[in-house]
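Novice: Before I ask anything, here is the structure I am working with.
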Amino acid sequence: MADKFDKLSERIKKAKLIRRDAPENIEAGTDDPLTRAQTSMGMRLGIELLAGVITGAIIGYFLDYIFNTMPLFLLIFLLLGAASGFWTVYKLAIKTQSDNKPEQK
Amino acid sequence: MADAHAKHSPLDQFKIQEIMPFNIGGYDVSFTNSSLMMLIVVALVTLFITFSMKKRAMVPGRMQSLAELSYEFVAGMLKENVGSEGRKFFPLVFTLFMFVLFSNLLGMVPTAFTVTSHIAVTFALAMLVFVTVIAVGIAKHGFHFLHLFIPSGIPGWMVPIIFPIEIISFLARPVSLSLRLAVAMMAGHVLLKVVAGFVISLGAATAFIGGIGGVVPLLFISLLIGLEIFVAFLQAYIFALLTTIYLNDAINLH
């Protein structure tokens, strides 16, 4: 039984060594949690801008539909939506910056 | 010709087909291929979790460690982003994560239907998160919840400007949450289909040398499939991560 565990731990050690030494692991940094977080951050930002504009457009269109003032609220809320999209991205950027600082040292 | 063209459209894979037509009070609530796929996903997740944990071994086997890995992944994410109070929401986040992950991955099976490529499905999931966040926020903080829309440390005269922008950006959350998932899945599957079409057309164009031209897109598509599987995981991760972040906003007001 003990022999079996010894063999297993040896195999684990070997596998770990191979993983760390592999050049593609070091270059791509797939194991680095920071890189993973940054990848997901990048995927977020673009859509966040779009979502703000779409939401603004929907609200504006709805208000115009109710009050029968066709382009007025649509225009106002399109601009507000765009502003809120940028605001979200700005807040996100500030937050990531302050999150990363203590890790960099 | 028109029929053949329609059959090979890269968007054809997203078509909803009725399996059991059904009508309640003028609303079309047919059982479709989308509903069938969702049922399969739910059944598979349930089977996966129940059977892999059946042994409850101290030293987990392969399937059990997969189940434990997914459990710890979501639990860790909740703990990191929400704190100890997030434990209550583990079932919600775990269910969402597994559902999205399995739908994404099952969508990669050839001829399978990708549930998460439809904005109707992802928007319903996002609204579930959105409504939960509002309900939790109001239940926990009452009227104080509105402070979520006033960032801390902001000068008083800026509040009337920031307040509507914050509200719109809050309302945009379900939109961005659902859009991101649906767009990523749909774009990937369309790309796969288009490149797969290249294999045939390039192969036919180079038929005089044995269709060798089809090899290049064929190699490309095998790379793309790897990328798509990565995206399937990544999108499920992002969906769950954003859910925890939004929950954190509601539970721990700044």
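Novice: What are the pairs, 6+ residues apart or on separate chains, where a residue within segment A:42-63 that is facing chain B (nearest Cβ under 9 Å) has its Cβ under 6 Å from a residue that is charged (D, E, K, R)?
Specialist: A:I47/B:R180
Novice: Mind listing just one residue for me: the one in segment B:235-254 that is of a type in the set (A, V, I, L, M) and surrounded by fewer than 18 Cβ atoms within 10 Å (Cβ to Cβ) and, of those, modelled with the lowest pLDDT?
Specialist: B:L253
Novice: Would you be able to tell me the number of residues in segment B:146-184 that are part of a helix (DSSP H, G or I) and over 28 Å from the mean Cα position of the chain (by Cα)?
Specialist: 11
Novice: Can you name the number of the only condition in (1) away from every other protein chain (no Cβ under 12 Å); (2) modelled with pLDDT under 90 that B:P164 fails?
Specialist: Just one mismatch for B:P164, condition (1).
The values are calculated or read from the model by the stated rules, or taken from the named source; none is laboratory data. Just so you know, these numbers come straight off a predicted model, no measurement behind them. Counting neighbours? That spans all protein chains shown, and the Cβs are built from the backbone with ideal geometry, glycine included.
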